[in-house]
1. Within the stretch 64-71, is there a residue that is in a strand (DSSP E or B) and touching a residue at least 24 places away in the same chain (Cβ under 8 Å)?
2. Looking only at the stretch 20-41, how many residues end up being under 17 Å from Phe80 (Cα atoms) and basic (Lys, Arg)?
3. Got at least one residue in the stretch 56-69 being at pLDDT below 90 and open to solvent by less than 80 Å² (accessible area, probe 1.4 Å)?
4. Can you tell me how many residues within the stretch 32-63 are outside any loop (DSSP other than H, G, I, E, B) and either more than 24 Å from Lys15 (Cβ to Cβ) or charged (D, E, K, R) (or both)?
5. Please go through the stretch 1-27 and give me each residue that is surrounded by 14 or more Cβ atoms within 10 Å (Cβ to Cβ) and either assigned to a strand (DSSP E or B) or at pLDDT 90 or above (or both), ordered by number.
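The values are calculated or read from the model by the stated rules, or taken from the named source; none is laboratory data. Since we're looking at a predicted model, the values are computed, not measured. Neighbour counts run over all protein chains shown; Cβ positions are idealised from the backbone, glycine included. When the accessible area is computed, the model is the full protein with side chains, heavy atoms only, and any ligands, DNA or RNA have been set aside. Shrake-Rupley method; radii C 1.70, N 1.55, O 1.52, S 1.80 Å.
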Amino acid sequence: MDIPSRWQRPPEYFKVKDVEDAKGEDYTSFTLSGNFKHNGFAFIPEIRFDNSKSDIFLKHDLVTPKKNAAQFSLALVYSF
């Protein structure tokens with residue numbers, strides 16, 4: 001199993017355009033993505049952090065707004 005991983009991806013900046021009376025929001029995102037390989041399998045974990053100046057994300061209750069959010073995903077890829 002190849003233990004050394006290659007963590008990659010630079011920070012990203014997103015801006016929602018202003019539309020009529022609604023002011024667009026902006027936020028930044030930082031993603032860490034790894035790549036571990038063993039034989040024909042690739043295991044790819046990914047962690048993403050989003051941050052905004054205003055409350056545009058929701059807490060676990062899906063009602064209360066907050067300024068940041070985090071996501072985690074896993075991918076298992078088999079190549080033959």
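1. Step one: of the stretch 64-71, the residues in a strand (DSSP E or B) are 65-66, 68-71.
Still in the running and touching a residue at least 24 places away in the same chain (Cβ under 8 Å): 71.
Yes, there is a match, as at least one residue in the stretch 64-71 is in a strand (DSSP E or B) and touching a residue at least 24 places away in the same chain (Cβ under 8 Å).
2. Count: 1.
3. Yes - at least one qualifying residue is present in the stretch 56-69.
4. Of all residues in the stretch 32-63, those outside any loop (DSSP other than H, G, I, E, B) come to 32-33, 36-38, 41-52, 57-58.
So of that shortlist, the ones also either more than 24 Å from Lys15 (Cβ to Cβ) or charged (D, E, K, R) (or both) come out as 36-38, 41-46, 48, 50.
Residues meeting the conditions: 11.
5. Keep residues of the stretch 1-27 that are surrounded by 14 or more Cβ atoms within 10 Å (Cβ to Cβ), which gives 5, 25, 27.
Result: Tyr27, single match.
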